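Asks: Just dropping this structure here.
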Amino acid sequence: MKTSVQSHINVGLIAGVLFVLLTYLVVSQQTAISRPNVVTTVAQWLSNTPNKQQFQGLGETVVATKEQQIADKQLIQGPSETEKPNSKVVCSTEERLSDYCEVDGDVRINGKAWSVDIVPSGWSSSERREWKIRPYSRRSASNVDKLNVTQLQDPAAAPPCTVTHHVPGVVFALGGYSGNAFHDNADVLLPLFLASLRYDREVQFLVINRVQPWWLGKYRLALRRLSRYDVVTLDGDAHVRCFPHLTVGLRLHKDFGVVPEWVPGRRRVSMPDFTRFLREAYALPRGAPVSPAREPAGKKPRLMLIQRQRTRRFLNGEEMVRAAEAAGFEVTVTDLVIDAAVDEQARVVNSFDVMVGIHGAGMTNEVFLPPGGVLIQVVPWGKLDLIARIEYGEPAADMGLKYLCYNVTLEESSLLELLGRDHPAIKDPDSIHRKGWAAMFDIYMTKQDVRLDITRFARTLAEAMDHLRSLQ
């Protein structure tokens, strides 16, 4: 009798356990189905592996043997002893300028395969999803390939890690429009600064897309200011690199600017923070311009006149110099060299209070002027005022500079004599713009020189001096 009762109790216990387990599985399945699609959540379970023999360097662990790679794969296939919070996958391909992903969790990138794999937890599956991400900040850059970002359904499908990084990573592309001073700053350095500032230099940069070593060398001081680690070039990289967090692609807020609400992390960031970062990276001494109101008598503000040598030249540069000197400036005429060392050029520009130049990539040197300084942009004729304002005018104001625009009239342009009044580029500039960037650039940017009206230019110089005098 006692044995019979005990048997019924055991059967009851087993049935109860099975019922609880069945209920748990049903609820888990319903929860997984009910997750929204806009932000994909992946449960992340990782194991502690204190007994694994590893070669460790700053911020990374290299798996040395095939057996260790197999062990790595086994660890992510089963439940771990240490639970980590659920992680998120946020990918955007809908914004005006950029494609990008922010991924938390077990993320694995293989440069040679142009692939990023997001691994679900070791004992649960997830919906398979895929994104094509162009990691250059401007989607319009057609000469940049796309990375395949895949949220795997089965953890067993994940490639084994060969290098494990213990800091977040940021993947970005060169190519595109990089190599031009404006795009180097607007498309790469500024969005890279915004993406990585939250990490206080504890971040690994990974660059892809036919990387030119000279570019990394040219901007090494800025890159080193953002990260403690050497940049990893992914072109042809056969490693499977594993990260706890990965940013894929750079997000461009504006053509050259910051939307503070879009900056990741808790810091409130704007353009003056970017220019301050550059001054620190290049050890620039001046954080304010000369103001006649607060300087000893006889100390004049310094004005740099950028004189291009081949296109968009000032035909009466000497008259412009005399006008600037008459306005009270100490004047230097220079042609900023494209292949000059950035740190040297930055120190030169930072030593001036006012920069005058015709629209072009050289205007990007505004980033090195001391806050409160003046940028005078001469805009060639041909309805270029909008692009000039977006690329250099608005950014200058956002940086804390005084921005002054001098729009060239038809009478001040060499195009009138070169083409004649009946040419479509003179009669109807819009017809040239409709043909596209190449047609517009060929006429208005390549074939045009300017001869400024000195009387009108003197009024712009006086406005610049009045601004500097107003600084206390």
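The values are calculated or read from the model by the stated rules, or taken from the named source; none is laboratory data. From a predicted model like this one, the values you see are computed outputs, not experimental measurements. Note that we place each Cβ from the backbone using ideal geometry, even for glycine, and neighbour counts take in every protein chain shown. Heads up: the accessible areas ignore ligands, DNA and RNA and are worked out on the full protein's heavy atoms, side chains in. Shrake-Rupley method; radii C 1.70, N 1.55, O 1.52, S 1.80 Å.
Asks: Quick check: pseudo-label points 7 Å beyond the Cα along Cα→Cβ at Lys300 and Lys435, how many nm apart are they?
Replies: 4.4
Asks: Let me ask you something else. In whole Hz, with x marking every Gly and Pro, tabulate ³J(HN,Hα) for segment 411-428 from phi via Karplus 6.51 cos²θ - 1.76 cosθ + 1.60, θ = phi - 60°.
Replies: Listing the rounded values in order: 5, 8, 9, 6, 5, 4, 6, 6, 9, x, 5, 8, 5, x, 5, 8, 6, 9 Hz.
Asks: Got a sec? What order do Cys91, Cys242 fall in by accessible area at 1.4 Å, biggest, i.e. largest, first?
Replies: Cys91, Cys242
Asks: A 19 angstrom limit on the alpha carbon distance is what I want to check against. Which of Lys112/Lys218; Lys383/Lys427; Lys383/Lys435; Lys146/Lys254; Lys254/Lys435; Lys88/Lys112 exceed it?
Replies: From the list (Lys112/Lys218; Lys383/Lys427; Lys383/Lys435; Lys146/Lys254; Lys254/Lys435; Lys88/Lys112), the Cα-Cα distance tops 19 Å for Lys112/Lys218; Lys146/Lys254; Lys254/Lys435; Lys88/Lys112.
Asks: Calculate how many DSSP beta bridges within segment 302-470 are antiparallel, expressed in % of all such bridges and rounded to the nearest 5.
Replies: Around 5 percent of the beta bridges assigned by DSSP in segment 302-470 are antiparallel ones.
Asks: What are the ³J(HN,Hα) values, in whole Hz, obtained from phi via the Karplus relation 6.51 cos²θ - 1.76 cosθ + 1.60 with θ = phi - 60°, for each residue of segment 364-377 in sequence order, with x given for Gly and Pro?
Replies: 4, 5, 4, 5, 9, 5, x, x, x, x, 10, 10, 10, 9
Asks: Using the Cα centre of segment 344-468 as origin and beta-carbon charges of +1 (Lys, Arg) and -1 (Asp, Glu), tell me which of Leu410, Val354, Gly420 is placed farthest towards the positive end of the dipole.
Replies: Gly420
Asks: Tell me, what HN-Hα J-couplings in whole Hz come from the Karplus equation 6.51 cos²θ - 1.76 cosθ + 1.60 at θ = phi - 60° for each residue of segment 331-340, using x for Gly and Pro?
Replies: In residue order, the calculated couplings are 10, 10, 9, 8, 10, 5, 7, 4, 9, 5 Hz.
Asks: Please find the FRET efficiency linking Glu127 to Ile387, where r is the Cβ-Cβ separation and R0 is fixed at 56 Å, and quote it to the nearest 0.05.
Replies: Efficiency, from the Cβ-Cβ distance: 0.85.
Asks: Now a separate question. Using 19 Å as the cut-off for backbone N distance, which residues of segment 442-472 belong to the label zone defined by a point 7 Å from the Cα of Leu315 along Cα→Cβ?
Replies: 442-458
Asks: Further question on the same structure: Tell me the net charge near Leu471. Cut-off is 15 Å between Cβ atoms, Leu471 excluded, with +1 for each Lys or Arg and -1 for each Asp or Glu.
Replies: Taking every Cβ under 15 Å from that of Leu471, the sum is +3.
Asks: Now for a separate question. Could you work out how much longer the chain between Asp200 and Leu471 gets when fully extended? Use 0.36 nm per residue separation minus the Cα distance between them, nm to one decimal.
Replies: 94.2 nm
Asks: Does a label point 7 Å from the Cα of Leu221, set along Cα-to-beta-carbon, have any residues of segment 167-185 with amide nitrogen under 18 Å, and which are they?
Replies: 181-182, 184-185
Asks: Sticking with the crude label model, points 7 Å out along Cα→Cβ, report the distance from Asp255 to Arg268 in nm, one decimal please.
Replies: 2.8
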